[in-house]
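Encoded as structure tokens, the structure appears first; notes follow it.
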Amino acid sequence: RTATWCPNCGTWGWDMAKGVEALRNENAILIRAHYSGILESKVANDITENFDAIYQPEFFINEERQNVGSSTWSAQLPVFDEIIDENAKQEANVSFTIISTFEDNKISTEISVDVMKALDGEYFLAAYLIEDSIEANQASLSSTAIHNSVLRASFTEDSFGEMIIDGSAELGFKAELN
């Protein structure tokens, strides 16, 4: 959770995010959710509110708030890497295929999901536009800071996507989002 006007987001928060990028851990996707400021988006607001985020910068792995601060961020980088790797070892509940196209200034995406073990609960499927190389102000940095991994929009009307399972789904259940 970040904001362009936030001084801490442009100092230790920026350094932490760049450090997570530098991990180059293929098991993680870094998303910067600007809940306020010039890079604010509805989906970023909705997601950070869902995480009960109250400060900035705040760091989450999945929906779990991580203990990161101005004096602890550098020590947290290897911890993040370890948590990400441990999460990646968990048995997958679903497999998915994503096909994205960009034509005539329009991005289209098709996603198919296959359930790999029986599931119970409510499950939603969403696709998001995450943009790199946005030149914009960042407090404590400059008016031309380059922002990466910025959560810009949801490809569905609802920020959390479309419900694909409400109750239970057996092995082999399939869902699609176009």
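The values are calculated or read from the model by the stated rules, or taken from the named source; none is laboratory data. Fair warning: this is a prediction, and the values are worked out from it, not measured in the lab. No Cβ is skipped: glycine too gets one built from the backbone with ideal geometry, and neighbour counts run over all protein chains shown. Surface accessibility is based on the protein's heavy atoms, side chains included, excluding ligands, DNA and RNA. Shrake-Rupley method; radii C 1.70, N 1.55, O 1.52, S 1.80 Å.
Specify the residue that is nearest to Leu129 (Cα to Cα); the eligible residues are those in the stretch 15-41 that are touching a strand residue (DSSP E or B) at 6+ places or on another chain (Cβ under 8 Å) and open to solvent by 70 Å² or more (accessible area, probe 1.4 Å).
Across the stretch 15-41, the extreme among qualifying residues is Ile31.
Across the stretch 1-14, which residue is most open to solvent (accessible area, probe 1.4 Å) among those that are in a loop (DSSP other than H, G, I, E, B) and among the hydrophobic types (A, V, I, L, M, F, W, C)?
Among those residues, the one meeting the criterion is Trp5.
Does the stretch 95-136 hold any residues that are in contact with a Lys or Arg (Cβ under 9 Å, 6 or more places away or on another chain) and over 19 Å from Arg152 (Cα atoms), and which are they?
Matches in the stretch 95-136: Ser112, Val113, Asp114, Val115.
Starting from residues that are among the hydrophobic types (A, V, I, L, M, F, W, C) and buried (at least 16 other Cβ atoms within 10 Å of the Cβ), keep the ones in the stretch 135-146 and report whichever is nearest to Ile107 (Cα to Cα).
So the residue we want is Ala136.
Looking for something within 15 Å of Trp14 (Cβ to Cβ), open to solvent by 50 Å² or more (accessible area, probe 1.4 Å) and part of a loop (DSSP other than H, G, I, E, B) - is there at least one such residue anywhere in the stretch 107-120? Working first, answer last.
The initial filter retains those residues of the stretch 107-120 that are within 15 Å of Trp14 (Cβ to Cβ), namely none.
Checked the stretch 107-120: no residue is within 15 Å of Trp14 (Cβ to Cβ), open to solvent by 50 Å² or more (accessible area, probe 1.4 Å) and part of a loop (DSSP other than H, G, I, E, B).
Cβ-Cβ distance below 7 Å, separation of 6 or more or different chains: which pairs start in the stretch 83-94 with a residue that is among the acidic types (Asp, Glu) and end on one that is not in a helix (DSSP H, G or I)?
Listed pairs, sorted by first residue: Asp85/Asn27.
Of the residues in the stretch 157-170, how many are touching a strand residue (DSSP E or B) at 6+ places or on another chain (Cβ under 9 Å) and open to solvent by 20 Å² or more (accessible area, probe 1.4 Å)?
9
Go through the stretch 73-106 and give me each residue that's open to solvent by less than 90 Å² (accessible area, probe 1.4 Å) and either touching an Asp or Glu at 6+ places or on another chain (Cβ under 7 Å) or part of a loop (DSSP other than H, G, I, E, B) (or both).
Residues satisfying the conditions are Trp73, Ala92, Asn93, Val94, Ser95.
Take Leu151 and tell me if it is in a strand (DSSP E or B) and crowded, with 16+ Cβ neighbours inside 10 Å.
yes
Could you grab me the full set of residues in the stretch 44-65 that are exposed (fewer than 15 other Cβ atoms within 10 Å of the Cβ), over 13 Å from the mean Cα position of the chain (by Cα) and in a loop (DSSP other than H, G, I, E, B)?
Across the stretch 44-65, the qualifying residues are Asp52, Ile54, Tyr55.
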